[in-house]
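The values are calculated or read from the model by the stated rules, or taken from the named source; none is laboratory data. Since we're looking at a predicted model, the values are computed, not measured. When we count neighbours, we look across all protein chains shown, and the Cβ atoms used for this are built from the backbone with ideal geometry, even at glycine.
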Amino acid sequence: MNINATTLEDGIRLLTFDRPESSANLFDTATMDELDHHLADIESDRSVRGAVFVSTKKSIFIAGVDLKRFHHSGLTTDDIRRIASVGQRVFNRLAALRVPTVAAIHGACLGGGYEMALACDWRVASDDKRTKIGLPETSIGLLPAWGGSTRLPRLIGLPRALAAILPGKRMAPKQAKRNGLVDQVVPREHLLRVATGKIAQGKPSRPGHWFWNNGLVAKLICLREKPKLLKKTGGHYPALPRTLDVMTSGISRSIDASLKLEADGIIALASSPVCGNLIRIFFLQERAKRLRAGKGSAMKNSDKKNAPAKWAAVIGAGVMGAGIAQWLSARGLDVVLRDIDPKRVGQGMATISKLYHVAVKRRILTKVEGQQGVDRIHPAHNEVPLGNTDIIIEAAVEKLDLKKKIFERLDELAGPETILATNTSALPISEIAQATRHPERVIGIHFFNPVHRMQLVEVVVGKATSPETLARSVQFVQKIGRLPVVVRDRPGFLVNRILMPYLSEASRLFADGAAIPSIDQAMLDFGMPMGPMRLLDEVGLDVGHHVATHLAAEFGDRMPSSGIMQSMLDAGQLGRKSGAGFYDYSAQSKPPVNGAAAMLATGRAAAGLSQEQLQDCMVLPMLNEAARCLEENVVADPEDVDLGMIMGTGFPPFRGGPLRHANAVGLAKIVESLERLAKSAGPQFEPCELLQSMAKAGREFYGDK
Amino acid sequence: MSRERLVIVDGVRTPFTKMGTSLARLNASELGRVAVNALLTKTGIDPGTIDEVIFGCVGQPIDSANVARVIALRAGVPRSVPAVTVSRNCASGCEAITQADQKLAAGCGELFVVGGVESMSQYPLLYRPSAAAKFNRLARAKSLGQKIGAALGFRPGDFSPLIGLKLGLSDPVCGLNMGQTAELIGRENGATRELQDAFALASHQKAAAAAARLADEICPVYLPPKYKSAVTADNGPRAKQSIEALAKLRPVFERGTGTVTAGNASQVSDGAVALLVAGETRAAQLSLEPLGTLAGYAYAGCEPSRMGLGPVYAMNKLEQLSGLGLNDADIIEINEAFAAQVLAVRACAESATFARDELKRDRPLGQVPEAKLNVNGGSIALGHPVGATGARLALTSLLELRRRKAKRALISLCIGGGQGAAMWMER
């Protein structure tokens, strides 16, 4: 029983969603059937004066459709059509009830859950932080097809409905009220009383939005918005234009005709590989959130060390250190921020307060929450005892000797249970750990820049790292709302290692005469969020060069550190921080190519390459290195590689990650292209053994799942 | 007398800065937060183990009733730990310490964060009661006519504010402000303008010379809203202060015959002090080297118009309680509310007549040797954020005892309203 029905004294039918043995309510076939029966019951029972929908779950009203049905592929077009039409029929039935209906929303009310609420006459929401309302279907490559694309524009007007559905916004209660998605926001304790009160008001009469919701205006909106959407997404996300089409042409038709457009839309979208990849990413994230690594001992709640972390320390108040400290403090931890003098600490404090300032300005945090966050930072420019901290994250300059010295001291200052973590992006954890008497408590916790935006964290296991430290670190990362990927202590770990051949190929192509904008455009068209030359500028060529030489030393000619970076450094062109790199940043808006840098490229070999050839040169080494990471057990599963690259570098989500992409291209074809490139462009393209053997055997990544 | 003593485990303070300067934009809760935050960081203790937070403050910010609670929560003390604000005017910082001692004795806790805070820059300007009544009438007016009538009731005088600082430094009982009480005891005890100025000069010179030592007790304050620049030192002491410059200043409180000037009175300042204190047993469990103990204390009342002599009465009472007199002190702090007042305290301590008539004892309190008195300068140079100073004297003197490898410090303050405070700090 997913839905329980009771009748309140005044003839109001209370339908309570309570999926057994789950913290969430979902719409699967059984739940939809139950709902249908309850509706039939209400239709036939003349004593029912109204219906109110509630959930018993702590943080979820109805989370939407059961995505597992879409995830485990094998859904045929007919299956999808049936899923769409059953939902549409049941919600139509709900909308057509003669009695007033109210959705009393507390917790996440998303996708199909909100589509049900839309079919109700009234929507009342709790003002709780856990209440989130919206139709996020486009973020998994679908569109709202249980009436959401049809009913929302009729409720709030086409422009506001588009603004809610296209970006797949999940709105806080206040925002939902402001946009008309709910009628009233009340404290949770009053939710039921207010909801039953709505029944007494009967069915509402609502404004018709005659201006926006007519066919002509809708057509104009579509014409105006579509090119913008295509430009913004590079045409890689078909759900967006399709949703726009459905909504703008459906608005001037009958409800039934519009619902038919929805159904046709979702059938077309659900069968596309993009949708499959986006849904897979959703599950990759869920997997990371639930990941249990190391020893189960971290599951015991008996002693202090297994309680959630309350105090942390961050060593080094640079951009990364301050970014980490800000994130931890925003998640409720008290954070000691240590650097060697008040000036550096002050710079870190300034970085932190600016991040909070922006978060408050963007209404991510309230003013009070922002102040509390800054208050939780404990600046220190002297050595202070750290025995009370649950975790220490070192984010000092990337110099091994320095880090070893720091860890030697941290070992003394820390408590017996404190995790000693380093945020190094390149240095060997195992070696740093040797500087301490407790190498089993040393681990890498590698955040990406900017910390508050990048969800991925590499948890790097050193030789001596204990399973318990690993388990606690993974839990810590999850607790602070980040996605952990467990990585072995190999040079470059996972993300930087796969990214490096890509960047070094990009700079080689540049040195060989390919134009900077062509290189970047090729990868933008591939779907990367930023071209490689621009990325190098943002990271800083000094940093890039440092990592490149480090990896080159480890992996030899597979990652040739091209001379061009050195020439750029010699010329003082460090990227954005020095005002110019491959681009010139002296002007404010779109930076033009830096002429001085372009002069440094002397080769001609890559000058005439087509966009596809450029993409091959840059993408294939990534795929090759990704396969190598599996081969060398840097990570355990292909899932880790794909999640890491998507969340850590913005590898195009619609391609599902480098290994999914490799599958899609075909491993045999990849091996063939790599071999061809190895002959023409250099030995760094040599395909790895795993790729070769898999190609030969006709196997695929994820093949055994 | 077997009861546990209160141990001062560690302490830290913000820089003390002149009213309207570096820390002017930080209100009392922010100043106190910085000090307690730094104390928790410096000591590394688990704040969940604190039994209570006790903070002294004279002019509590109007938006932070029980400012100690606001300070505690903002500084990272868990919400389960209670907090109380105490006020004994200029000795509020002492009161916080001695209340911890009393709670310890009463069995109401054994680990406390105590301290004192004052933002004199943020003392409010107030509407006069007559104006407030008119605002009230305006707010309650309903019809347009009533509103116009109420608005027309205002007079220009209604908009000249009462200055909170001025009111705070006046004694409503005797009708004198603090400066006038200093003038009174100064002239009764032969504290001439020249003596006062010379005393003030010495305070500046001692404080300026002590800057590096005082840095030991100071935590930087990163200034909101950007938190980038840090205030790291007191800005009161003037190394280049000259006697000529002091002599040029005009008396503030008494026309013609007055002697108390802005130069020989304590500076009006902002600042906060936080101390970690614990019973001896509890202190021994912390792996921290304590600064010293509170070995005894006394508060005594005296005539409000001669409040500046409070320390004499308090030291007398403390001697009776502890059996220790001025001679037993390795260093002595007499808070420099006014040079005239410290000079008067010294004179009375040495006076047999005063001892007989006022203290009812047969011999004077004793000498206050120059070499032991306010060795790192006093409030004339460092400033006197009223609620904080008492705690600063405890901290500064304990650190000085450690530097001198000495045993005992006697600290004392005069208290507006006619009281004195005296405490023995011991190592």
When A:Gly202 is evaluated against the numbered criteria (1) small (Gly, Ala, Ser); (2) crowded, with 19+ Cβ neighbours inside 10 Å; (3) farther than 28 Å from A:Ser139 by Cβ, which criterion, by number, is the only one it fails?
(2)
Please determine whether any residue of segment B:81-97 is within 12 Å of another protein chain (Cβ to nearest Cβ) and closer than 17 Å to A:Asp375 by Cβ.
no
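Yes/no per residue for (1) surrounded by fewer than 22 Cβ atoms within 10 Å (Cβ to Cβ); (2) outside the structural domain of A:Ala552 (by TED's automatic domain parsing); (3) over 31 Å from the mean Cα position of the chain (by Cα):
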{"residue": "A:Ala330", "(1), (2), (3)": "no, yes, no"}
{"residue": "A:Ala350", "(1), (2), (3)": "yes, yes, no"}
{"residue": "A:Gly373", "(1), (2), (3)": "no, yes, no"}
{"residue": "A:Glu408", "(1), (2), (3)": "yes, yes, yes"}
Quick check: anything in segment B:239-256 surrounded by fewer than 15 Cβ atoms within 10 Å (Cβ to Cβ) and acidic (Asp, Glu)?
yes
Identify all residues within segment A:145-184 that are out of contact with any Lys or Arg (no Cβ under 9 Å at 6 or more places or on another chain), surrounded by 24 or more Cβ atoms within 10 Å (Cβ to Cβ) and outside any helix (DSSP H, G or I); write none if there are none.
A:Ala145, A:Trp146, A:Gly147
Filtering segment A:358-370 down to residues that are part of a helix (DSSP H, G or I) and crowded, with 18+ Cβ neighbours inside 10 Å, which residue is nearest to the other protein chains (Cβ to nearest Cβ)?
A:Gly370
Sole residue being of a type in the set (Ser, Thr, Tyr), touching a strand residue (DSSP E or B) at 6+ places or on another chain (Cβ under 6 Å), in the same structural domain as A:Glu262 (by TED's automatic domain parsing) and touching a residue at least 40 places away in the same chain (Cβ under 8 Å), chosen from A:Thr150, A:Thr138, A:Thr196
A:Thr196
Note on segment A:213-249: residues aliphatic (A, V, I, L, M), buried (at least 19 other Cβ atoms within 10 Å of the Cβ) and under 26 Å from the mean Cα position of the chain (by Cα) are A:Ala239, A:Leu240, A:Leu244
Under 7 Å by Cβ, and 6 or more places apart or on different chains, what pairs join a residue from segment B:277-297 that is charged (D, E, K, R) with one that is assigned to a strand (DSSP E or B)?
B:Glu280/B:Val7; B:Arg282/B:Leu111
Of the residues in segment B:197-230 that are part of a helix (DSSP H, G or I) and among the charged types (D, E, K, R), the one that is farthest from the other protein chains (Cβ to nearest Cβ) is B:Asp197
Just one listed residue, out of A:Thr6, A:Thr16, is surrounded by 14 or more Cβ atoms within 10 Å (Cβ to Cβ), closer than 25 Å to A:Ile199 by Cα and either in contact (Cβ under 8 Å) with a residue 60 or more places away in the chain or polar (S, T, N, Q) (or both), and it is A:Thr16
From B:Arg69, B:Arg74, residue being surrounded by fewer than 24 Cβ atoms within 10 Å (Cβ to Cβ), more than 27 Å from B:Leu410 (Cα to Cα) and within 12 Å of another protein chain (Cβ to nearest Cβ):
B:Arg74
Residues of segment A:372-403 being part of a helix (DSSP H, G or I) and more than 8 Å from chain B (Cβ to nearest Cβ), in sequence order, are A:Gly373, A:Leu400, A:Asp401, A:Leu402, A:Lys403
Being closer than 19 Å to B:Lys103 by Cα and among the aliphatic types (A, V, I, L, M) is the filter; apply it to segment B:31-63 and report the residue that is farthest from the other protein chains (Cβ to nearest Cβ).
B:Ile54
Take residues that are modelled with pLDDT of 95 or more and tell me which of the helices (runs of 4 or more DSSP H) falling wholly in segment A:21-121 contain 2 or more.
A:29-44, A:77-95, A:112-119
Within segment A:603-633, which residues are small (Gly, Ala, Ser) and either loosely packed, with under 14 Cβ neighbours inside 10 Å or in contact with a strand residue (DSSP E or B) (Cβ under 6 Å, 6 or more places away or on another chain) (or both)?
A:Ala607, A:Gly608, A:Ser610
Tell me whether segment A:637-644 contains one or more residues that are in contact (Cβ under 8 Å) with a residue 40 or more places away in the chain and loosely packed, with under 14 Cβ neighbours inside 10 Å.
no
Among the residues of segment B:321-335, is any free of Cβ contacts under 8 Å to residues at least 24 places away in the same chain and surrounded by fewer than 24 Cβ atoms within 10 Å (Cβ to Cβ)?
yes
Looking at segment B:22-30, can you tell me whether even one residue there is within 13 Å of another protein chain (Cβ to nearest Cβ), without any contact (Cβ under 8 Å) to a residue 40 or more places away in the chain and under 19 Å from A:Gly373 (Cα atoms)?
no
Subset of segment B:54-96 (residues that are under 21 Å from B:Thr389 (Cα atoms) and touching a Lys or Arg at 6+ places or on another chain (Cβ under 6 Å))
B:Ile71, B:Ala75, B:Ala83, B:Glu95
Considering every residue within segment A:405-421, establish whether at least one is touching a strand residue (DSSP E or B) at 6+ places or on another chain (Cβ under 9 Å) and within 22 Å of A:Ile646 (Cβ to Cβ).
no
